[in-house]
Amino acid sequence: MLTIRVSGTGLRTARTLLGWSLQELAGRSGVNWLTIRKYESAGDYHPPATVGALNRLVDALEDAGIRFDAAGAHLDRPRTTSARARRRVDRQQEGTAA
């Protein structure tokens, strides 16, 4: 029997770690963004989700590098560096090279 145990807070945390909007997760998972919002509003409880919808959400999040465990959601891969952060590192490197 398939059991998916993720809380509404876990879903929201995973989405936030990736920097995704509700619409982004909806597009990647095929689950309506209003449904995702309802699931996330469950807080620390398990959302009233169908197995199929929750499975699609978890698959989309895990494909993007999220891992779920008893402690919550974690990002396995580092987020891509923003252009601003890259420029800051470049300036720092230029300062040390002089």
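Bear in mind these aren't lab numbers, they're just calculated from the coordinates by the rules spelled out. What you see is a predicted model; the values in this text were computed from it and never measured. Glycine gets a Cβ as well: all are built from the backbone with ideal geometry, and neighbour counts include every protein chain shown.
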Chain lengthening between residue 46 and residue 24 when straightened (0.36 nm per residue, less Cα-Cα):
5.7 nm
Along the Cα→Cβ direction, 7 angstrom out, place labels at residue 62 and residue 5. What is the inter-label distance in nm?
1.5
Fewest to most Cβ atoms within 10 Å: 45, 39 sort as 45, 39
Using 0.36 nm times the number of residues separating residue 70 and residue 34, minus their current alpha carbon distance, what extension gain do you get?
10.4 nm
Sort 41, 7 so that the residue with the fewest other Cβ atoms within 10 Å of its own Cβ comes first and the one with the most comes last.
41, 7
Net charge (Lys, Arg +1; Asp, Glu -1) of residues whose beta-carbon lies under 11 Å from that of residue 11, residue 11 excluded, is +3
